[in-house]
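Here the structure comes first, spelled out in structure tokens, and everything after it is commentary.
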Amino acid sequence: MEKVSVDFEPIGRRISLQRGANLLAAAQEAGVRLVSICGGIGSCGECVVRLEKGQLSPPTIVEADLLTQSRLAAGYRLACQAQALSDVKLDIPPESLTAPQRLQIEGQTNEAELQPAVLAVEVELERPDIGDPRADSMRILDALRNRGYQNVQLPLAVMQDFSNRMRAQGWVARIAMRGAEVAGVLPIGSPILGLAVDIGTTKMAAYLVDLSTGKTLSKRGEMNPQTGYGEDVISRIEYANRNPEGRAILQSKVVQAINWMAEELCREVGESPGQIVDSVVVGNTVMHHLFCGLPVQQLGVSPYVPAVSESLEIAAHQIGLEFAPAANAYLPPNIAGYVGADHVAMLLATEIWETDKVVVAIDIGTNTEITLAAGGRMLSCSCASGPAFEGAHIRDGMRAAPGAIERIQIRDSQDIFLQTIDNQPPVGLCGSGILDAVAELLNGQIIDSSGRFIHGHPLVRLNENEGGIVLVQAPETGHGRDISVTHKDVNEIQLAKAAIRAGLEILLLEAGLTHEDIDEIVVAGALGSYLSVGSAKRIGLFPPIPDDLYRQVGNAAGMGAKQMLLSTHRREVAEEMSRRIEYVELTAHGEFTKAFMQAMYL
């Protein structure tokens, strides 16, 4: 039989198989995890791909029913319905990928020019002998002077380490230079490493980068250990205020987590945290302050003033980071008390700061930040969306892990179909799953626009406290208990989405614009990577504009941090951009309460 190849982009997987092979089966064999709630029978319409090159079988009746003529004409197909008749190249839209794989490819942005703050210089020092008893410091300074470096500074942290190191290395070394300052002394040939970190309220992400090449060597995500002291920023501020050692405890927890992540990332590539000579750390203003050990009490009371808004460059060892002896941590500026350096990084990565269009950037998390760019202005606000979209405060909520229900369809108002991460037995609902569930309950007229379950519907179960439905019966779950959605769960999503939608409406109001004026909505954050735009629009989280005006970019804050790690010019751009942003305090806005109450309806 004739063989053909199927190239799946942007995953970067290619597989060779027999001509006429089904694309969904090919994807599964290649390890490309396409959403397929119906199991491939063609009824869910979720496994959408786009043909870039090659020939596929003609569209089926199922595709004609589920895809519009304009989408078919643009090359969109259902993988379960199409066969490869030649070598083909396919583009996979983010919404067609399951959560873990979408997180792998999203967060991709334009690469920054390679202009790191720290450069490598290889030197060979003259060995001391009885006729040349110069101090070790003089030898290294002379060697660097011969390489064109004048007025070199040797920090005490480097001097405490380099004498023994130079002797162990045979008097040759790779010197990490930050301008005229020595940041570290490394073995010849070893890479100089940088670490970009995004400290989210709930989750943290870290990227290990080779500063000489710009290549990302490894990346890792972990839960923020501060969640044990409060799920949101307000509760952590309260903890820091109530306990004399509270601020120090919260700082030590996050620093320990970064040190552990750095150690694991370096171990994966056979390197050492001692080779990390520079870092960039971003987070919302509270996370930023707690990481630096800054006071947060004033962030908990009006007018919510940060202790520091300008960019900071801190000696890493000063705050407990176990990197190279004289490594630094750079933190971009904060915009306001609840719009922090992470949002600056997100705006930098997505480049909306230089657009001439009307663009909305939404970074969804426990604390959601929104910026509206229009007519040369940038307006920002912060929305207390809470952790519901992370699975918290949801009866069967959980993070996006194997067995989490990530996509749901309810057909004919009673037949429930779902997909779990890694196709494992269901054990709970992650953020995209609960969002889908509420949208489908609304579509099926199982709940009304106020979020109440409708009495008399065959799926609705009522007790003395509240209504709800069982999504998965106990025998079919991975833990032997029913997985349900309750009225309280729906209400938690209403509160979260109302905060975000009201923030967007206030920014449009301030700019004198309406939904019809929006050219693009950029959606970032962990949930923003894998939520269904259709479901978000259905419940009113997002405005009713065409799907193709939405762009999901994943962890853009982490990507912005990485850009600033690789380029001092990007740091300058971030600092200049932050000075242009106009902050809108929602709690002080006369129209916010009205906008919030209207947005509570589904």
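The values are calculated or read from the model by the stated rules, or taken from the named source; none is laboratory data. Treat the numbers as computed from the prediction; the structure is a model and nothing was measured. Positions of Cβ are generated from backbone atoms using ideal geometry, with glycine treated the same way; all protein chains shown enter the neighbour counts.
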- Task: Could you figure out which of (1) under 22 Å from THR355 (Cα atoms); (2) modelled with pLDDT of 90 or more isn't true of ASP548?
- Result: (2)
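Yes or no, residue by residue, for (1) of a type in the set (S, T, N, Q); (2) assigned to a helix (DSSP H, G or I); (3) modelled with pLDDT of 95 or more:
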residue	(1), (2), (3)
GLU510	no, yes, yes
LEU513	no, no, yes
LEU527	no, yes, no
MET559	no, yes, no
LEU565	no, yes, yes
GLU575	no, yes, yes
SER578	yes, yes, no
GLY590	no, no, no
MET597	no, yes, yes
- Item | Selection count, the range 527-574, where residues are under 17 Å from GLY283 (Cα atoms) and without any contact (Cβ under 8 Å) to a residue 40 or more places away in the chain | 0
- All positions within the range 531-544 that are modelled with pLDDT of 95 or more and either within 18 Å of LEU372 (Cα to Cα) or part of a loop (DSSP other than H, G, I, E, B) (or both): GLY540, LEU541, PHE542, PRO543
- Residue check, VAL533 of a type outside the set (Phe, Trp, Tyr) and closer than 18 Å to LEU347 by Cα: no
- Determine whether the range 418-440 contains at least one residue that is more than 15 Å from LYS488 (Cα to Cα), surrounded by fewer than 17 Cβ atoms within 10 Å (Cβ to Cβ) and at pLDDT 90 or above. yes
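Looking at the range 445-452, is at least one residue among the β-branched types (Val, Ile, Thr) and closer than 29 Å to GLY31 by Cα?
No: zero hits.
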- Of all strands (runs of 3 or more DSSP E) completely enclosed by the range 101-206, which ones contain at least 3 residues that are in contact with a Gly (Cβ under 7 Å, 6 or more places away or on another chain) and at pLDDT 90 or above? 193-199
- Message: Looking only at the range 242-287, filter to residues that are hydroxyl-bearing (Ser, Thr, Tyr) and either in contact with a helix residue (DSSP H, G or I) (Cβ under 9 Å, 6 or more places away or on another chain) or in a loop (DSSP other than H, G, I, E, B) (or both); which one of those is nearest to SER382 (Cα to Cα)?
- Response: THR285
- Query: Using beta carbons and a limit of 9 Å, which pairs, at least six apart or on different chains, have the first residue in the range 430-444 and closer than 18 Å to VAL35 by Cβ and the second one aromatic (Phe, Trp, Tyr) and crowded, with 24+ Cβ neighbours inside 10 Å?
  - Reply: CYS430/TYR530; GLY431/PHE389; GLY431/TYR530; SER432/PHE389; SER432/TYR530; ILE434/PHE389; LEU435/PHE389
- Query: Could you give every pair whose Cβ atoms fall below 7 Å, whose first residue belongs to the range 575-602 and is of a type in the set (S, T, N, Q), and whose second residue is assigned to a helix (DSSP H, G or I) and crowded, with 19+ Cβ neighbours inside 10 Å, counting only separations of at least 6 or pairs across chains?
  - Reply: SER578/VAL344
